[in-house]
Each structure stands twice: as C-alpha cells, then as structure tokens.
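Step one of this worksheet: look at the structure below.
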Amino acid sequence: AIAEALRGNEVLTTIDLSRNDIRREGGVAIGNALAVNEVLTSLDLGRNQIGDEGAKAIGKALAINGVLTSLNLQSNCIRYEGAAAIAEALQGNGVLTALNLNDNRIGIEGAKALAAALRVNRVLKNINLRYNSLGDEGMIRDAVSGREG
C-alpha cells in the first residue's frame, strides 16, 4: 500500500518509514516505486530488514531517480550484494547528498565497491558507514580525500 502511494505521489517530499518491519518484499516494492517517483527528496527506511534484495531495488531506483537527496538505510541487514548495487548506482547518481548505511553488514568487499563509487561520485557529501565490519577504513578515506563537505 505504501509503495503504491509513493508511485503515484506528486506532493510528499519527505517520508519516514523507519521501524515498520517492511522487510525484503516491501523494500523491493518501495525501490520500484522510487524509480518512478519525481518529488520525494528524503526517504528513511532505517531498521526495516530490507536485506540485499531490497537494497538492490533501491540501487536500481537511485540509478535513475533525479530528486532523492537523502536516504537512510540504517540497520537493514544489507551485505555485500546490496552495497554493491547501491555503489553502482552512486557512480551515475547526481543528486543524492546524504546516505546512511550505518549498522549493516557490508564488509570489506562492500567497502571496496563503495570506495570505487565515491571516487567517481562528487555529489554525495555525507555517508555513514559505522558498524559495518569494513576492515581497512583507509580505502574509504582515500576515495574522498581532497573533497569538500
């Protein structure tokens, strides 16, 4: 129901759906809706356990969505595959300025994918990667060195 509302939304610019037990299927549906939504600028999906499948759908949406500037995916059981999909989308996304991936399980391989995306993406100004078992955080730091913001 929420995904369908987002799909047809022409007014709502901010929505907080955190802690709603949305899970994988809901994350996929919201990702599909986000791909066609042209007004939503801020989306909070924190603590919904959308997992890699939900993150992949969100990633596909980010690749084509031209308005979303803030996305919270905190505590969503996102691992490498979901992080890689988001990283791929970030390489071409020109509007997202804040991304929260705190407390997922993206690991070292996910960090490598995100670091590669951050070398290309010059729009993202705020990324939260705490509690993700990243290993050598230097790769992220190196990817954004010399950047303002």
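The values are calculated or read from the model by the stated rules, or taken from the named source; none is laboratory data. Bear in mind that the values here come from a model prediction, so they are computed numbers and not experimental data. All Cβ positions, even for glycine, are placed from backbone atoms using ideal geometry, and neighbour counts span all protein chains on display. The protein model used for the area step is the full one, side chains on, heavy atoms only, and it has no ligands, DNA or RNA in it. Shrake-Rupley method; radii C 1.70, N 1.55, O 1.52, S 1.80 Å.
Taking label positions 7 Å along the Cα-Cβ direction at both Ile64 and Ser18, the computed distance is 3.0 nm, reported to one decimal. Each peptide in 2-12, 93-103, 118-128 was scored by the mean count of other Cβ atoms within 10 Å over its residues; highest first, the order is 93-103, 118-128, 2-12. Apolar share of the accessible surface for region 18-110: 44 percent from carbon plus sulfur atoms, 1.4 Å probe.
What the phi angles of region 21-33 give under the Karplus curve with 6.51, -1.76 and 1.60, with θ = phi - 60°, is a coupling list of 6, 5, 6, 4, 4, x, x, 5, 5, 5, x, 5, 5 Hz, glycine and proline written as x. Dipole size of the chain about its Cα centre, with +1 on Lys/Arg Cβ and -1 on Asp/Glu Cβ: approximately 240 debye, rounded to the nearest 20.
Just the number please: accessible area per residue for the chain, 1.4 Å probe, all protein chains included, in Å².
Averaged over the residues of the chain, the accessible area is 50 Å².
Based on C-alpha pairs under 8 angstrom that are at least 6 apart in sequence, the chain has a relative contact order of 18 percent.
Among the listed values (i) 8.1; (ii) 9.5; (iii) 7.4, the one matching mean projected area of the Cα convex hull in nm² as calculated from this structure is (iii). The heavy atoms of Tyr80 present about 110 square angstrom of accessible area, all protein chains included, probe 1.4 Å. Placing R0 at 25 angstrom, the Cβ-Cβ distance between Ser42 and Val123 gives a FRET efficiency of 0.95 after rounding to 0.05. The sum of -39500 (n - 2.57) across all DSSP H runs of n ≥ 4, divided by the residue count of the chain, sets its helix-only mean residue ellipticity at 222 nm to -13000 deg cm²/dmol. Considering only Tyr80, Leu40, Leu17, the residue lying farthest towards the positive end of the dipole of the chain is Tyr80, judged by Cα position with unit charges set on Cβ. Comparing Ala84, Ala116, Ala55 in a Gaussian network model of the chain (Cα springs below 10 Å), the most mobile by mean-square fluctuation is Ala116.
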